[in-house]
1. Looking at 216, 164 in this structure, which one is closer than 25 Å to residue 260 by Cα, crowded, with 23+ Cβ neighbours inside 10 Å and either touching a residue at least 12 places away in the same chain (Cβ under 8 Å) or more than 16 Å from the ligand (Cβ to nearest atom) (or both)?
2. For segment 48-82, enumerate the residues that are assigned to a loop (DSSP other than H, G, I, E, B), under 16 Å from the mean Cα position of the chain (by Cα) and surrounded by fewer than 21 Cβ atoms within 10 Å (Cβ to Cβ).
3. Could you check, for segment 270-285, whether at least one of its residues is closer than 20 Å to residue 103 by Cα, within 16 Å of the ligand (Cβ to nearest atom), in a loop (DSSP other than H, G, I, E, B) and touching a residue at least 40 places away in the same chain (Cβ under 8 Å)?
4. Would you mind stating whether residue 31 is assigned to a helix (DSSP H, G or I), in the same structural domain as residue 297 (by TED's automatic domain parsing), closer than 25 Å to residue 265 by Cβ and in contact with a strand residue (DSSP E or B) (Cβ under 7 Å, 6 or more places away or on another chain)?
5. Could you tell me which of the residues 180, 101, 171 is within 16 Å of the ligand (Cβ to nearest atom) and surrounded by fewer than 20 Cβ atoms within 10 Å (Cβ to Cβ)?
6. What do you reckon, is residue 260 at pLDDT below 95 and within 16 Å of the ligand (Cβ to nearest atom)?
7. Considering only residues that are in contact with a helix residue (DSSP H, G or I) (Cβ under 6 Å, 6 or more places away or on another chain) and free of Cβ contacts under 8 Å to residues at least 60 places away in the same chain, look in segment 91-113 and name the one that is farthest from residue 20 (Cα to Cα).
8. For segment 183-263, list the helices (runs of 4 or more DSSP H) that sit wholly inside it and hold at least 2 residues that are touching a helix residue (DSSP H, G or I) at 6+ places or on another chain (Cβ under 6 Å); which are they?
Ligand SMILES: [Mg+2]
């Protein structure tokens, strides 16, 4: 028997095909397990090393062992997400987010991707539009691209997410462009930094349940950063999404549509019903995974062992000891 089977009860590794290539991913793997508070999910992207994956394990265990905080809202408004797809697929993809008032579009550059923005606005001329660059530009490219986007579409952008990675470039950019700037990678890659000067380079913070280390840590992070937040997912299964919804629903203030509708980018889910999008919102519930879906999408044995070893490595490097002593206190 797997040595951590008591902590990670009923550990099941699933592999769910995605509808489009997202972050180059065509198959999303996730390790699901149960604890006294319910099901939880551990699913750092495959290329993440031990250090980057550790907060995800903290989130997963918190989700399984600690009940949700009190919720102050019962449904969460969501944004549509449009990956870089062929223009002919835009309507099909956006129709999977019924009633969404906001769209987030992944872009590489103006010349390649302005048609994508055009197509999204053809689908819904009232869309609030966010562009996500994933830190892909240097300062010059950011200035040129944003100048062109602004020239062609005017001031329609709700914000630009992570146009560059470099903080000093973000500061210069923020002084030059009329759009608001949101940070995502700048948070995930610097969880321990103080964010004292964050208002000089960002207007909005993208916060994700798993990479932040779970709901408790996410809330500390939100307070530390002090910017308005968008709660977003990392292409989680419905189990992880439900924890993201609970985090969003427990915040005293929430002024943006959240990136929690990414189940629409997966071919299926382990949850049967409960997380559907209706009128641009998802109800905050904690549905159980369906046994038949866990079986249908169950990953091959060698992948299950890979995930067990991934968990063991983090656990055995001090994390397990710390977690167990927290449980005793
Ligand atoms: Mg992002």
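1. Residue meeting the stated conditions: 164.
2. 48
3. no
4. no
5. Unique residue meeting the criteria: 180.
6. no
7. 110
8. In segment 183-263, 209-212, 215-225, 238-249 are the helices (runs of 4 or more DSSP H) which contain 2 or more residues that are touching a helix residue (DSSP H, G or I) at 6+ places or on another chain (Cβ under 6 Å).
The values are calculated or read from the model by the stated rules, or taken from the named source; none is laboratory data. Note that the structure is predicted; figures quoted are calculated from it, not measured. Neighbour counts run over all protein chains shown; Cβ positions are idealised from the backbone, glycine included.
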